[in-house]
Amino acid sequence: MDKLLEKFWKLEEPPKISEYSPEEEYCEDVYQKTTRRLSDGRYVVSLPFKPQYENGKGLGLSRMRACRQFFRNESSLCKKPEFKVIYDNVLEEYESLGHMTEVTQDDEGSSSFYLPHHAVIKPESSSTKVRVVFNASSRSTTGLSLNDTLYPGPILQNDLMLLIIRWRFYRYVFNGDVEKMYRQIWLNEDHTRFQRLVFRTDPKASLKNFELKTVTFGVNCAPFLAIRTLLQLASDVEKDLPLAAKILRRMMYVDDALAGAHELEVAIEARDQLVCALTSAGFSMRKWTSNEEQILQGLPPDHLLSEKLLEIEDESNAKTLGIRWNAKSDFFYFSVKPIQMKSNFTKREVLSIIASLFDPAGGPILSPPEPEIHEAPESILNRWQRVKALNQRLCLRWKEEYLKELTKRNKWKNPDDNVKVNDMVVVKEDNIPPNEWRLGRIVKVLPGVDQLVRVAEVKTERGLITRPVVKLVVLPSN
């Protein structure tokens, strides 16, 4: 009973501001000491390398793996020419805006890192049908990736549910996105060599090497650097633009602004101050929406989510942090597509249905609306019952397996200092078929260590090889 009461009171307590860990304090210290502002107002930040990996120490060669990923991605896109054009245009825009520059001399021998990249295609999207995804977790020849050498930094974004609830208290509200927020923040020129990539538009041409010069999505510390820069901007403009500083601190969720006021004049003034503050640092707000037409007046038409936003109710719909908002009627709702009934469902399709809605209060909504199946054949009814059973099973597994994994397991995840000669290990190989393992016995342990992987000479059934290895750990049967 005492434990139950303790849990109850903890649940009812307001959230507490957690103190920074030593690693998070280190990231904050690096940010404060190395961040500077250019004459045009833009910020320049540095990557928070772990002390033992300062300036990329320990990273091996990575270009070969990046090239292999590029060739696979290029081959796939060549089969879909319309998407290849979009993909190429995105990276060419990086170069035209100065966010990416060509490297004429490849000095991979000195410390550098190449980011593999590939396309994520969403044909149903109305705005971004093709996204370029950079993989900073790809490992170099020493077994280390760029993300392994960096601290991710503290979590700075506001609580999503509290942000939306606070937004609902205002009579006049507005919403917008910071356009290309990460790419408006320059990276320290000494660190751009860790954000290299290979690219070409013509499959018959030679590959070129480039460096990304801005904060890049896919690097684990990018969210920290971006949000921390907005907070720094809030401090820098607080004296002259107090309303903007308040929005930047309390009403932002990464690049989304959800702000408002009880008086129309204050809301308009807050909008103007926010635009002024962001512009001073090279940021720009786009996709403006509001429940009051006067707040949108004076903004460039191409900065609005829709020029007809408040004229036709059906068109005054915006997707805000995973949910839909009708600006004119001022209510939230979910857009649900009917579940197409068919004779067979795959597990992937079932999980897609379950995760099709996002609830800001708690992640995916695990109860999709049931289709009209009272007149469906019995076999389809049985299949849908299996879908519902899998739904319940997923909820149970989420609770019993995933949530427990959030607890740190230092015994399994920290480096094992006792890895030694004659240990049985799992050899990391890229081309091994799924569910197959290549085992070996360590002959010699080599330098180059990260949290999970070591490089060693290993004796296998195919002879002596040098590979990253994972020590074989036998887990309890339960």
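From the C-alpha gyration tensor of the range 130-196, pull out the three semi-axes of the equivalent ellipsoid (sqrt of 5λ each), sorted largest to smallest, in whole Å.
Ellipsoid semi-axes (Å, largest first): 35, 16, 12.
Determine one quarter of the surface area of the Cα convex hull of the range 143-252, which equals its mean projected area, and express it in nm² to one decimal.
10.7
With only Lys, Arg, Asp and Glu charged, each at its Cβ (+1 for the first two, -1 for the last two), find how big the charge dipole of the range 42-141 is about the Cα centre; round to the nearest 20 debye. Each step should come with its number before you reach the end.
Details: 14 positive and 12 negative charges, 111 e Å.
Dipole of the range 42-141, to the nearest 20 debye: 540 debye.
Which residues' amide hydrogens lie under 5 Å from the amide hydrogen of LEU150, considering only partners 5 or more residues apart or on another chain, with H built in the peptide plane?
LYS50
Quick one: length gained pulling LYS79 to GLN157 fully straight, 0.36 nm per residue minus the C-alpha distance?
Roughly 24.1 nm would be gained on extension.
Which order do the peptides 165-177, 134-146 take when ranked by the mean count of other beta-carbon atoms within 10 Å per residue, highest first?
On the way: 165-177: 18.2, 134-146: 21.0.
Top to bottom by mean Cβ count within 10 Å: 134-146, 165-177.
Quick one: if you stick a label point 7 Å off each Cα along the C-beta vector at THR346 and GLU179, how many nm between them?
Modelled inter-label distance: 3.8 nm.
Could you tell me the relative contact order of the range 110-201? Use alpha-carbon pairs under 8 Å, at least six residues apart, and round to a whole percent. Could the numbers behind the result be given before it?
Details: 67 pairs, mean separation 35.2, N = 92.
This gives 38 percent for the range 110-201.
All of the numbers you see were taken from the coordinates with simple rules; none came from a lab. What you see is a predicted model, and the numbers here were worked out from it, not measured in a lab. Reconstructed Cβ throughout: ideal geometry from the backbone, glycine too, with neighbour counts over all protein chains shown.
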